[in-house]
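Read-outs throughout are calculated quantities, based only on the coordinates presented, and are distinct from any laboratory measurement. Here the structure is a predicted model, which means the values were calculated and not measured. In this analysis, Cβ positions are derived from the backbone assuming ideal geometry, glycine residues included, and neighbour counts consider all displayed protein chains.
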């Protein structure tokens, strides 16, 4: 599939949400929710295609997200750093972001819009399916005038194993 | 069956002296062999075969990647966590199992 088609489709999605909702917070929330719905399924595709081994630390998981998952789906490799002593908060710095290929700046009156908030939902949904609760947000965003685009992942806790999924 | 598999899996995990890599793979009785494959997302695949069969892990992995992910997960109209209703899934699964060399 053409990359342009994907990027334009995403842009059309955000534009439509902006028409549907006045507040930036609502658009961000729905982007996150959509991302969540994608993430809970995408994780299965990721596990099936990458055949990764079990991770034993949050740091390994963060590396896996940046170096394998982002590479597989968006063709980019964000750099990862741990930003707290406890070892559960990580920052992913995106040097390139294909989703904003055709976007120069946020529209007027939309200064709080997190254009790529879908990505946060995707990561959150995917982690939840492997029993990890996490908070994922944009710490910095080039579209908002920051120097870099930075996604923060905070691993909160391990979730209880879900009840039977019979096959 | 779920209770039995869950118990065996926990037992294997606890018994393993080093960090468990693949975990519980299969068990056999005098009548049949049961192969087990679990994904990190908690999906469990069970295949019962004749005693003469070796390892079915690759088959189960193929089943997961191609049939379940390809037809179940990627289909947005297929709800997760519920029994799969898709006819296409059933027929592909049936064809796959029949085509297995054992």
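Can you sort A:146, A:45 by how many other beta carbons sit within 10 Å, fewest first?
Values: A:146 12, A:45 17.
Ascending Cβ contact count within 10 Å gives the list A:146, A:45.
If you stretched the chain out fully between residue B:87 and residue B:11, how much longer would it get, using 0.36 nm times the residue separation minus the C-alpha to C-alpha distance? The partial results should precede the final answer.
Details: separation 76, 0.36 × 76 = 27.36 nm, distance 3.64 nm.
Extra length from residue B:87 to residue B:11 when fully extended: 23.7 nm.
Would you mind giving the mean number of other chain beta-carbons within 10 Å of the Cβ of each residue in A:48-55, as a whole number?
Working: counts 10, 2, 0, 2, 1, 3, 6, 1.
Counting Cβ atoms of other protein chains within 10 Å of each residue's Cβ and averaging gives 3.
Springs between alpha-carbon atoms under 10 Å, Gaussian network over chain A: tell me which of A:91, A:59, A:50 tops the mean-square fluctuations.
A:50
What is the Cα convex hull volume of segment A:35-167 when expressed per residue in Å³?
Working: hull volume 16.3 nm³, N = 133.
Enclosed volume per residue, from the Cα hull, is 123 Å³.
Suppose R0 equals 25 Å; then what is the FRET efficiency for residue A:22 and residue A:101 from their Cβ-Cβ distance, rounded to the nearest 0.05? Before the final figure, lay out the partial values.
Values: r = 27 Å, r/R0 = 1.07.
It comes out at approximately 0.40.
Measure of size requested: the Rg and Dmax of the protein assembly as shown, with Cα atoms as the atom set and Å as the unit; please supply both.
So, for the protein assembly as shown, Rg and Dmax equal 21.2, 73 Å respectively.
Measuring from label point to label point, each 7 Å out along Cα→Cβ, what is the residue A:73 to residue B:77 span in nm?
2.4
Tell me, what is a quarter of the convex hull surface for the C-alpha atoms of segment B:2-99, in nm² with one decimal? Show your work: numbers first, answer last.
Numbers: hull surface 29.4 nm².
With the hull built on Cα positions only, its mean projection is 7.4 nm².
Between residue B:98 and residue A:63, how high is the FRET efficiency from 1/(1 + (r/R0)^6) when r is the Cβ-Cβ distance and R₀ = 41 Å? Nearest 0.05. Numbers along the way, then the final one.
Values: r = 41 Å, r/R0 = 1.00.
The formula returns an efficiency of 0.50 here.
Dividing the alpha-carbon radius of gyration of segment A:82-124 by 2.2 N^0.38 Å (N being the number of residues), what value is obtained? Don't skip to the end; give the middle numbers.
Working: Rg = 13.7 Å, N = 43, 2.2 N^0.38 = 9.2 Å.
Cα-based Rg divided by the globular estimate yields 1.49.
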